[in-house]
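Heads up, the thing below is written out as structure tokens.
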Amino acid sequence: MNHLDILENKSVYILREAYANFKNLGMLWSIGKDSTVLLWLARKAFFGHVPFTLIHIDTSYKIPEMIEYRDKITREWHLNMVYGKNETAIGSGNSYPAGKTDRITCCGLLKTQALKEVLSAEGVRYRFDHGKGKYVQDPNGDPFTGIIAGIRADEEGSRSKERYFSSRDKENAWDIGEQPPEFWNYYNTDFPPGAHLRIHPLLDWTELNVWEYIDREKIPTVSLYYSKGGGKRYRSLGCYPCTFPVESDAKDPAEIVEELRTGKFSNIAERSGRAQDREDGGGLETLRREGYM
Amino acid sequence: MELAVKDRDTFSVVFTGHVDHGKSTVLGRLLADSGALPQGKLESVRETCRLNSRPFEYAFLIDALKDEQSQGITIDSARVFFKTKKRDYIVIDAPGHVEFIRNMVTGASRADAAFLVIDALEGVRENSKRHGYLLGVLGIKTIVVIVNKMDLVSFDRSRFEAVKSEFSGFLDKVGLVPVSFIPASGLMGDNVTVRSEKTPWYGGRTVLESLDGFDGIPVLTEGPFRMPVQDVYKFTKFGDSRRIVAGRVVSGSVKAGDEIVFLPSGKCARLKSIETFNSAPKLEASAGDSPGFTLAEEIYVKRGEIAVKKEGPRPNVTSRLRASVFWLSESPMVKDKEYTLKLGTARGSAVLESIDKIFDPEDLDKDTGENSLLRNKVGECVIKLKRPMSFDIVSDIRETSRFVLVSDNNIAGGGIILEPLKDKQSWSRDKVIQRDIKWEKSAIPYRLRHRRYGQKPWLIVVTGEKDAARKTIAKKLEEDLFSEGKIVYFLGMVNVLYGVDADIKGAGNDKEEHIRRLAEVSHIMIDAGMILIVTAIEFSREDIDLIRTSVESDNITVIWVGNKVTTDIEPDLVIERPEDVENSVGKIRRHLAEKNALEYDEE
Ligand SMILES: Nc1nc2c(ncn2[C@@H]2O[C@H](COP(=O)(O)OP(=O)(O)O)[C@@H](O)[C@H]2O)c(=O)[nH]1
């Protein structure tokens, strides 16, 4: 059993615990490498099936290739796919690209707010209809009580304070200081009415592990992660106005693994290509306390 | 024994010890001297201290690093990431936190190894012992004791030996054997990364050498097979007809073809195949794997049971146990309160029956007559479960002896089981498990039978005060169900009394044996696919527990007939005005419908 098997088996265990404990379970799929690995792990856990809803938050500023990829995989893997959008903010131009807000506020509106509304079923949801081959408006269903997210502890300071199962109140707020203990293979799966739980099966994975696993399992990923000869590729994916590529010639997962192992990025944060993190000092931590993933 | 390969992966350690004995200092020194710090960091913190005329502390260095954005090392209130030449490390829970024990437990349970720091001058203190004890309860096998501040005792060998012998004596009593003791000075750097000239009498490793010398955690591939069942999957919606029993193997291994027993139910089947997705077919699954398998015979198993091999030692099944419990919640653990106990994938209600001993770092053998377990205390307790569970004891298989207690939605404590204790049903349960293991299955899979009969077999127990309209209501219910095409049968206690029980009738007060036999007859009729209505006078809670021991607990409904419940029974439904038979039967029917009883469904 090598280190990837150890990680895989643990994540599979956590995914099944989530499935056994929550009736309204959803998994956030940002189309990025981490949540795509998570999706793959779900297929491992459930023997080729994905028995819960996948949730994507569309800010309308996602790189188009990401959306194409999302829908292709949805069809091929028969995913129960839902996306949500903050149509009010987008419609009224209340966003950073439209010029009315700063980056942090934009993330708060287009991602955090949209996410809150999709989770609570208060906002508009679009569900992929496999018969019709397109998205249709989803009659508002039940709120999600369990949300699986692909965050990793090594990514960034505030994420390392996470538990595998972490309770969030109605406002999606997170009390870092008062978290209950979590040990052995037991998780806090109970929660008061109105609250929901976030589940983090990838907590122990590193960026390197993710790429090693993508390489080993041959998991299909968006090509934006790879250099097509121009010496640039994306290391972390988000909205195009706020995401920038890094200098790299890596053309495939194996070359990325090599690049990470040789320590090329050892002094550069993984999300450094994500502009919102840098605003106001602890941008991501501020966002996360309020419900951002 | 196989070792998990941890080479390129991160290795996690936790620093524990009494406050001010030097956890942060040793850690800070380790980071500084192993070259993990960003350039100039140490100097700038020293400079800040000088400017504010405060003595430099390594603890400040760790605080200062919390604001760092650099990637070589990351620190926050939860962990420190750093690298040595050999591998990557996570130090879990940077020391000095108020909620130390709670976080230590979370951290230590994920740790591969632990350091315990003791001040050479002050010697062993209360928390040195408490932390040592907790590490043992949590199951951390690799423990290194750092005897710190050796500079304050002039690197005196006899002082080191004295601390070592006192603490070894203590650890020995609680069943822990530390890997080694290191005489060190975090402040001066002696034996942290470089061997000290001041301890020529010490031939062992430095702190860094022991860190890099730790092995991976042994995976228990030998030993009896144990797999708590997480779920049974049937994804028919997706056009998949496999029925897959999924879980995580925590001990031993299993192969296709092995005979498996599920406990507490005692159901048996042969393992047909091990299922995977996107990997080579597997013939064997062992500790650490999260497999799924199909069974050769169709049996009803569910989450919460534990799969074991038919051959080899079996776990205990009972509803009372003696355990070492550590309590982490602000409100103490008390008697007369219901907690939720999670053991493997099983979950159920539990109460504290007694506290026999509370761990006292000063006096291990002291008995305390206390009634509650306060936060951060460890006690030896007897716990009573509402329904029996299956488990091992810690000296046999650690993994299946561990449980947690949940209170107000949060994990409030944990424990390891020291001993199974008999409960009121043990005498009958042992027979039932044996019965199930020996059971010769019919040629007709149960699902086919249920489909043919168009029903879910069910036991409806109708009890109540003498002279109440029990039998009238039960028989009317039988008629109604029969006329709707159900295969249903009425069985009065008396019918068993003069037949099956003829040999023991009147022979003393053997009510329990009468009930056991009634339950066994019921078990056979339910296995035959029937809906069975049983009546008896004034059943108590224990009587019902005894019936549940023999008959699948999920498929029983208990009804009390009469205005007043005169026993300690907890019925599913009380019929308050039994004179109105029509109405009473209607109520029972509605209750059964709500519970999804009787009607056949595919899954
Ligand atoms: N003389 C001496 N003092 C030490 C040593 N290690 C730590 N200290 C001091 O002991 C105090 C507590 O140390 P600290 O690392 O904060 O302890 P913690 O509470 O266990 O993290 C500080 O004032 C340190 O400077 C040592 O090896 N020698």
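Values computed for the structure shown
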item: Scope segment B:28-59; condition away from the ligand (no atom under 16 Å from the Cβ), within 21 Å of residue B:15 (Cβ to Cβ) and free of Cβ contacts under 8 Å to residues at least 24 places away in the same chain; matching residues; result: B:35
item: Selection within segment B:152-168 - over 26 Å from residue B:112 (Cβ atoms) and surrounded by fewer than 18 Cβ atoms within 10 Å (Cβ to Cβ); result: B:152, B:154, B:156, B:157, B:158, B:161, B:162, B:165, B:166
item: Strands (runs of 3 or more DSSP E) contained in segment B:300-366 and holding at least 3 residues in contact with a Phe, Trp or Tyr (Cβ under 7 Å, 6 or more places away or on another chain); result: B:306-309, B:339-343
item: Criterion (touching a Leu at 6+ places or on another chain (Cβ under 7 Å), of a type outside the set (A, V, I, L, M, F, W, C) and within 14 Å of chain B (Cβ to nearest Cβ)) met by exactly one of A:86, A:80; result: A:80
item: Any chance residue B:164 is within 16 Å of the ligand (Cβ to nearest atom), charged (D, E, K, R), closer than 22 Å to residue B:14 by Cβ and out of contact with any helix residue (DSSP H, G or I) (no Cβ under 6 Å at 6 or more places or on another chain); result: no
item: Residue match in segment B:530-546 (condition: surrounded by fewer than 20 Cβ atoms within 10 Å (Cβ to Cβ) and assigned to a loop (DSSP other than H, G, I, E, B)); result: yes
item: When residues of segment B:102-127 are limited to those that are within 11 Å of another protein chain (Cβ to nearest Cβ) and more than 29 Å from residue B:151 (Cβ to Cβ), the one modelled with the highest pLDDT; result: B:105
item: Which numbered condition residue A:12 misses (of (1) touching a helix residue (DSSP H, G or I) at 6+ places or on another chain (Cβ under 6 Å); (2) closer than 26 Å to residue A:224 by Cβ; (3) within 14 Å of another protein chain (Cβ to nearest Cβ)); result: (2)
item: Evaluation of residue A:89 against (1) modelled with pLDDT of 85 or more; (2) surrounded by 18 or more Cβ atoms within 10 Å (Cβ to Cβ); (3) within 18 Å of residue A:60 (Cβ to Cβ) (one fails), failing number; result: (1)
item: Flag for residue B:334 being touching a Ser or Thr at 6+ places or on another chain (Cβ under 6 Å) and surrounded by 16 or more Cβ atoms within 10 Å (Cβ to Cβ); result: no
item: Subset tally (residues that are part of a strand (DSSP E or B), crowded, with 20+ Cβ neighbours inside 10 Å and within 11 Å of chain A (Cβ to nearest Cβ)) for segment B:232-255; result: 4
item: Failed item in (1) at pLDDT 90 or above; (2) surrounded by 14 or more Cβ atoms within 10 Å (Cβ to Cβ), with residue B:448 passing the rest; result: (2)
item: Some residue of segment A:104-125 being away from every other protein chain (no Cβ under 14 Å), more than 16 Å from the chain's Cα centre (by Cα) and part of a strand (DSSP E or B); result: yes
item: Top-ranked residue of segment B:136-176 - restricted to ones that are touching a Lys or Arg at 6+ places or on another chain (Cβ under 9 Å) and in a loop (DSSP other than H, G, I, E, B), ranked as nearest to residue B:397 (Cα to Cα); result: B:139
item: Index of the failed condition, residue A:230 passing every other in (1) more than 13 Å from every other protein chain (Cβ to nearest Cβ); (2) not in a loop (DSSP other than H, G, I, E, B); result: (2)
item: Test: residue in segment A:240-261 that is modelled with pLDDT under 85, among the hydroxyl-bearing types (Ser, Thr, Tyr) and not assigned by TED's automatic domain parsing to the domain that holds residue A:118; result: yes
item: Cβ-Cβ under 7 Å pairs, at least 6 apart or on other chains, segment B:15-27 side in the same structural domain as residue B:130 (by TED's automatic domain parsing) and more than 6 Å from the ligand (Cβ to nearest atom), far side assigned to a loop (DSSP other than H, G, I, E, B) and hydrophobic (A, V, I, L, M, F, W, C); result: B:26/B:184; B:26/B:192
item: Of residues in segment B:169-191 being touching a strand residue (DSSP E or B) at 6+ places or on another chain (Cβ under 6 Å) and within 16 Å of the ligand (Cβ to nearest atom), the one farthest from the other protein chains (Cβ to nearest Cβ); result: B:183
item: Residue match in segment B:206-215 (condition: without any contact (Cβ under 8 Å) to a residue 60 or more places away in the chain, more than 14 Å from chain A (Cβ to nearest Cβ) and away from the ligand (no atom under 15 Å from the Cβ)); result: yes
item: Per-region count, segment B:256-277, residues within 13 Å of chain A (Cβ to nearest Cβ) and in contact with a helix residue (DSSP H, G or I) (Cβ under 6 Å, 6 or more places away or on another chain); result: 1
item: Filter pass, residue A:18 being within 14 Å of chain B (Cβ to nearest Cβ) and touching a strand residue (DSSP E or B) at 6+ places or on another chain (Cβ under 7 Å); result: yes
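Residues checked against (1) at pLDDT 95 or above; (2) assigned by TED's automatic domain parsing to the domain that holds residue A:124; (3) part of a helix (DSSP H, G or I):
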| position | (1), (2), (3) |
| --- | --- |
| A:13 | yes, yes, yes |
| A:20 | yes, yes, yes |
| A:23 | no, yes, no |
| A:36 | yes, yes, yes |
| A:43 | yes, yes, yes |
| A:54 | yes, yes, no |
| A:60 | no, yes, no |
| A:65 | no, yes, yes |
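Okay, residues lined up against (1) more than 13 Å from every other protein chain (Cβ to nearest Cβ); (2) free of Cβ contacts under 8 Å to residues at least 60 places away in the same chain; (3) within 18 Å of residue A:218 (Cα to Cα); (4) aliphatic (A, V, I, L, M):
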site: A:5; (1), (2), (3), (4): no, yes, yes, no
site: A:8; (1), (2), (3), (4): no, no, yes, no
site: A:43; (1), (2), (3), (4): no, yes, yes, no
site: A:46; (1), (2), (3), (4): no, yes, no, no
site: A:55; (1), (2), (3), (4): yes, no, no, yes
site: A:58; (1), (2), (3), (4): yes, yes, no, no
site: A:67; (1), (2), (3), (4): yes, yes, no, yes
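This table checks each residue for (1) loosely packed, with under 15 Cβ neighbours inside 10 Å; (2) in contact (Cβ under 8 Å) with a residue 40 or more places away in the chain; (3) over 30 Å from residue A:181 (Cα atoms); (4) within 14 Å of chain A (Cβ to nearest Cβ).
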{"residue": "B:391", "(1), (2), (3), (4)": "no, yes, no, yes"}
{"residue": "B:398", "(1), (2), (3), (4)": "no, yes, no, yes"}
{"residue": "B:405", "(1), (2), (3), (4)": "no, yes, no, yes"}
{"residue": "B:409", "(1), (2), (3), (4)": "no, no, no, yes"}
{"residue": "B:414", "(1), (2), (3), (4)": "no, yes, no, yes"}
{"residue": "B:420", "(1), (2), (3), (4)": "no, yes, no, no"}
{"residue": "B:438", "(1), (2), (3), (4)": "yes, no, yes, no"}
{"residue": "B:457", "(1), (2), (3), (4)": "no, yes, yes, no"}
{"residue": "B:460", "(1), (2), (3), (4)": "no, yes, yes, no"}
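The values are calculated or read from the model by the stated rules, or taken from the named source; none is laboratory data. Note that the structure is a prediction, hence the values are computed from the model and not measured. No Cβ is skipped: glycine too gets one built from the backbone with ideal geometry, and neighbour counts run over all protein chains shown.
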